[in-house]
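**Student:** Okay, here's the structure, questions in a sec.
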Amino acid sequence: MFHNSESRLERVMKRLDNICEEKLLILKFKSHCFANDLSLPRITKLVEQLVKISEVVNKPFDKWEIEDVEAVLEWVDERIRKENLSLWTKREYKKTLKKFF
């Protein structure tokens, strides 16, 4: 997770071009994280998760309702089961959603 954070962040920022509606919000969030002295690996993780989340729920973040958050958590649960991921994965996505919203 901590290796090559700069290059990982660059790659995920390039992916933002595919989700133009969310690009500005995610860029503002990234700037906010840097301004609040979050580490580069942490910011990278948060931005990666937001990009994944925006791909799962095809709806602008500013129009989200509780059902959309629940849909993301359901998607994370499904990934945990299918991909044998840690329960910490869900916790991290919850933290990302809470920090972003």
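The values are calculated or read from the model by the stated rules, or taken from the named source; none is laboratory data. Bear in mind that the values here come from a model prediction, so they are computed numbers and not experimental data. Note that each Cβ is placed from the backbone with ideal geometry, even for glycine, and that neighbours are counted across all protein chains shown.
**Student:** Quick test of your reading of the structure: Arg81 fulfils all but one of (1) among the basic types (Lys, Arg); (2) more than 18 Å from Ile19 (Cβ to Cβ); (3) without any contact (Cβ under 8 Å) to a residue 12 or more places away in the chain; (4) surrounded by 13 or more Cβ atoms within 10 Å (Cβ to Cβ). Name the failing condition by number.
**Tutor:** It is condition (4) that Arg81 fails.
**Student:** Please go through segment 79-92 and give me each residue that is within 17 Å of the chain's Cα centre (by Cα) and either charged (D, E, K, R) or at pLDDT 95 or above (or both), ordered by number.
**Tutor:** The answer is Arg79, Lys90, Arg91, Glu92.
**Student:** For segment 40-64, give me the residue count where each residue is loosely packed, with under 14 Cβ neighbours inside 10 Å and either within 16 Å of Arg11 (Cβ to Cβ) or modelled with pLDDT of 95 or more (or both).
**Tutor:** 1
**Student:** Kindly establish whether Glu48 is part of a helix (DSSP H, G or I), under 15 Å from Leu97 (Cα atoms) and more than 12 Å from the chain's Cα centre (by Cα).
**Tutor:** No.
**Student:** Ser86 passes all but one of (1) within 12 Å of Phe29 (Cβ to Cβ); (2) not in a helix (DSSP H, G or I); which number fails?
**Tutor:** Looking at each condition in turn, Ser86 falls short on (1).
**Student:** Now, a different point. Among what's in segment 1-39 and is among the small types (Gly, Ala, Ser) and assigned to a helix (DSSP H, G or I), pick the residue that is surrounded by the fewest Cβ atoms within 10 Å (Cβ to Cβ).
**Tutor:** Out of the qualifying residues, it is Ala35.
**Student:** May I ask you to list the residues in segment 49-67 that are over 20 Å from Lys28 (Cα atoms) and either touching a helix residue (DSSP H, G or I) at 6+ places or on another chain (Cβ under 9 Å) or touching a residue at least 12 places away in the same chain (Cβ under 8 Å) (or both)?
**Tutor:** Across segment 49-67, the qualifying residue is only Val56.
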